[in-house]
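Below is one structure, written out as structure tokens; comments come after it.
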Amino acid sequence: MHRDTLIQLAAAAVMVVCLGASVLLTGEVAASVGRHKLVYADSAEQGDPPQVAAGIAMGAFRGIFVNYLWMRANNLKEEGKYYEAIDLAKTITRLQPRFPKVWAFHAWNLAYNISVVTQTPQERWTWVQSGIRLLREQGIPANDNDLLLHKELAWIYLHKIQGYM
């Protein structure tokens, strides 16, 4: 019984130390979030789809909601409903603006997956330009220090415009 009491006291001491450390680190983490702009969209703007307001209202369940939107956008793309898929992609990027892989995925989807199934060169070029604009005008300004987005933009220019393989 003496040994069990010592283990419980040691566990309680470790817990108190961890709680104290978390209190000290909370301020630094909160300051880092502000410095590095690591925040979700916390308000819906006029003209946003209803999914944005729903995602913001869901709070902690936002991740599950966004996963559902990802699956739905992918299904729409596979069904050939490209404009609906792009609208849903805009909603996802609005809900996760600081997640660079969202921007890279949707730009790739525009410039590669959707552009290759269109019929004319003009349509293909329109989709490639849409992918470039998405990265250049929205994704990179929202994540200006992320190398992935710059690399994706450079790759689209190199592969789709220059034609180097």
query: To the nearest 10 square angstrom, how much accessible area does Glu28 have with a 1.4 angstrom probe?
result: 100
message: Through the Karplus equation 6.51 cos²θ - 1.76 cosθ + 1.60, θ set to phi - 60°, convert the phi angles of the stretch 125-137 into ³J(HN,Hα) values in whole Hz; use x for Gly and Pro.
response: 5, 4, 5, 4, 4, 5, x, 5, 4, 4, 5, 5, 9
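Using a 1.4 angstrom probe on the protein heavy atoms only, line up His2, His150, His159 by accessible area, largest first.
Details: His2 135, His150 80, His159 45 Å².
Per-residue accessible area, sorted high to low, gives His2, His150, His159.
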query: Just from the alpha-carbon atoms, what are the Rg and Dmax of the stretch 56-165 in angstroms?
result: 14.2, 46
message: Cut-off under 29 Å on the C-alpha distance; same-chain residues fewer than 8 positions from Lys160 excluded. Which lysines are left, in chain and number order?
response: Lys77, Lys81, Lys90, Lys101, Lys151
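The values are calculated or read from the model by the stated rules, or taken from the named source; none is laboratory data. This structure is a prediction, so every number in the text was calculated from the model and none was measured. When the accessible area is computed, the model is the full protein with side chains, heavy atoms only, and any ligands, DNA or RNA have been set aside. Shrake-Rupley method; radii C 1.70, N 1.55, O 1.52, S 1.80 Å.
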